[in-house]
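Okay, so here's the structure we're looking at.
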Amino acid sequence: MTLSAQPRPVRPDPSASPKLFLEADFRRLWLTGLIAFFVRWMEILVFGVFTYQQTGSAFLVASMIMLRLVPLAVLGVPFGALAARLSRRVGLIVSMAVLSATALALFFIAWLGQLAVWHLAVGSVINGIAWAGDSPLRRGLIGDVAGPLRMGNAMALDVGASNASRLAGPAVGGLLLAHIGMSALFLLCAVLQLVALAAVLRIQHRETPREASITGLKATLAAGFLAARDSPRLAGALWITVLFNIFAWPVLSMVPVIGKDRLGLGADGIGLLASMDGLGSLFGALLLAVLSRPALYGPLYVGGVILFLSVLPVLALSTHVPLSGGALLLLGMGQSAFAVMQSTIVYVAAPPDRRPQAMGLLTMCIGTGPIGFLLLGWLAEQQGASVAAVISATSGLLVLALTWRWWRPCWRNESPRGA
C-alpha cells in the first residue's frame, strides 16, 4: 500500500530533513550524489562548449548529452533487475571506480594534448552508464535509509545537492576551460570521484535478501509494468517523465549555442549564465525540503513541467544577458519541482515489493531523452537553436494538454487500483 492509500496519512515531520543528516549512511549517499551531480553538470556544460568550439555544430552539441542518455533507455530496466537481486552498495562501488578510472584516462589524454571530440563522446557514454544506475542503486538505498514517510524530504535534499552542483558545476567548468584547460577539469573530476568512492565503501546499510522469484530481465520488466498498471498515479508520473525528457530538458543543451551566438559570451560567461539554472533549482529544492507534503506531490510535479515549458521561449528569444539569466532562474525552479517529485512519486506510488523495478522503469523513461535531443539537434541545424527551442517548448505544452487524461491521476494523487 502506498502512502496516499493509507486510511489516515501521517504528515511528514517538518524537521525530518535536518534529522536525515544525523544518519551516517544518508550523509554518505548524499555526498556521493553531490559529487556525481557536480561532475555531471560541469562536464555537460564544458563538453558542449568544447564541441561547439571544435566543430561549430549544434547537432553535435546536443549529441553529447544524448550519448549520456542512451544508456538510461537501454540499461534502466536491467539495472532495476540487478538492484532487486544483488547488493546495491557493491553496484555503487563498481560505478564510482569506473568513473574514477575514466576521468584519469581523459586527464592523461588532455594533458598530452591529444583530446578530441570522440574522446568526450566515449566519456559521455561511460558516464551515462553510471547515471543509469543512480535511481535503482543509490536512490534506492536512500529510500531504504529514509523510509517512505521521509522520502519526499530525502529526495528534496538529494535534488538540492544536484541543484547546488548545477549552480557551481557549470561556473567552475567554464572558468577551468577558459583559463586553464581540459586537463585541469578531468583532474578535478578524478579526485572528486575518488572521494565519492571512499564514501561508498563506508556505507553500513545492507539490504535484506531478495526473493528468488525475481529471476531476470523479463520478470523485472513485467513487474515494473504491472506496478504502473495497478497504480494510475505511477503511470501518470512515468508519462510526465517521458514528456519532459523529449520536449523540455533537451533545450538546455542549447545554452552554449545560444550563449555564444545570440548573447556573444565566451566559455566563462556561458558557464556563469548556465549556473543561474542551478541557482533557481537550489532555491526551489530548499523550499520543497521545508514545505513538501504528500498532498502537493502531484501538483508540484506537473506544475514544474508547465512552468519549465512556458519559460523556455523567453530563454530562446532573449538577446539580453540579465533576461536570459532570469529565465534560467525560473527554469531551474520548475525543474526542481519536477525532479524532487519525480523519484518521490515513483517510490511511494509503487508497491514496496516492486520499488526497485519501478525505479528501473523510471530510468528507462528518462532514457527516452535521446529522441528529444535528436529532434532538437536536427531542428537547430536547420532553423537555428532559438527557433528549435521555441518549437520544442510549444510542442511539449500541446502534447501535455492533449494527454491530460493520462497524467490526471498523478496530479490528483490517486491511489492504486484495489487499494
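The values are calculated or read from the model by the stated rules, or taken from the named source; none is laboratory data. This one's a predicted model, so the numbers in the text were calculated from it and none came from an experiment. A quick note on method: Cβ atoms are made from the backbone with ideal geometry, for glycine too, and the neighbour counts reach across all protein chains shown.
Against the condition part of a helix (DSSP H, G or I) and over 17 Å from the mean Cα position of the chain (by Cα), how does residue 272 come out, does it pass? Walk me through it before giving the result.
Values: part of a helix (DSSP H, G or I): yes; over 17 Å from the mean Cα position of the chain (by Cα): yes.
Considered against the rule, which asks whether it is part of a helix (DSSP H, G or I) and over 17 Å from the mean Cα position of the chain (by Cα), residue 272 comes out as yes.
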Could you figure out which of (1) modelled with pLDDT of 90 or more; (2) closer than 23 Å to residue 60 by Cβ; (3) buried (at least 24 other Cβ atoms within 10 Å of the Cβ) isn't true of residue 369?
-> (1)
Which ones in region 307-366 are of a type in the set (S, T, N, Q) and closer than 17 Å to residue 255 by Cα?
-> 310, 318, 319, 324, 335
When restricted to 154, 161, 184, the only residue surrounded by fewer than 19 Cβ atoms within 10 Å (Cβ to Cβ), part of a helix (DSSP H, G or I) and of a type in the set (A, V, I, L, M, F, W, C) is 184
Which numbered condition residue 118 fails, given (1) of a type in the set (Phe, Trp, Tyr); (2) over 16 Å from residue 51 (Cβ atoms); (3) more than 20 Å from the chain's Cα centre (by Cα) | (2)
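Yes/no matrix, rows are residues, columns are (1) surrounded by 21 or more Cβ atoms within 10 Å (Cβ to Cβ); (2) hydroxyl-bearing (Ser, Thr, Tyr); (3) modelled with pLDDT under 80:
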{"site": "315", "(1), (2), (3)": "yes, no, no"}
{"site": "321", "(1), (2), (3)": "no, no, no"}
{"site": "338", "(1), (2), (3)": "yes, no, no"}
{"site": "354", "(1), (2), (3)": "yes, no, yes"}
For region 263-285, what are the residues that are in contact with a His (Cβ under 9 Å, 6 or more places away or on another chain) and under 14 Å from residue 329 (Cα atoms)?
-> none
Of all helices (runs of 4 or more DSSP H) completely enclosed by region 322-402, which ones contain at least 2 residues that are farther than 17 Å from residue 65 by Cβ and either touching a residue at least 12 places away in the same chain (Cβ under 8 Å) or within 22 Å of the chain's Cα centre (by Cα) (or both)?
-> 355-366, 385-402
Residue that is modelled with the lowest pLDDT, among those in region 80-127 that are in a helix (DSSP H, G or I) and of a type in the set (Ser, Thr, Tyr) = 95
Would you mind telling me which numbered condition in (1) surrounded by 19 or more Cβ atoms within 10 Å (Cβ to Cβ); (2) in contact with a Leu (Cβ under 7 Å, 6 or more places away or on another chain) residue 399 fails?
-> (1)
Pull up region 205-261, narrow it to residues that are among the charged types (D, E, K, R) and surrounded by fewer than 15 Cβ atoms within 10 Å (Cβ to Cβ), then point me to the one that is modelled with the highest pLDDT.
-> 229
Flagged pairs (Cβ under 6 angstrom, 6 or more apart or on separate chains; first in region 110-127, closer than 20 Å to residue 72 by Cα and in contact (Cβ under 8 Å) with a residue 12 or more places away in the chain; second outside any loop (DSSP other than H, G, I, E, B) and of a type in the set (S, T, N, Q)) are 123/102; 126/102
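Does residue 281 qualify as being crowded, with 21+ Cβ neighbours inside 10 Å and more than 29 Å from residue 407 (Cβ to Cβ)? Explain how you work it out, then say what you get.
Working: crowded, with 21+ Cβ neighbours inside 10 Å: yes; more than 29 Å from residue 407 (Cβ to Cβ): no.
No: the conditions fail for residue 281.
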Of the candidates 106, 92, 72, 149, the one satisfying the condition of being in contact with a His (Cβ under 8 Å, 6 or more places away or on another chain) and on the phi < 0 side of the Ramachandran plot is 106
Restricting the first residue to region 134-162 and requiring it to be over 14 Å from residue 342 (Cβ atoms) and at pLDDT below 75, which pairs with a second residue that is β-branched (Val, Ile, Thr) and surrounded by fewer than 24 Cβ atoms within 10 Å (Cβ to Cβ) meet a Cβ separation below 7 Å and a spacing of at least six or different chains?
-> 149/10
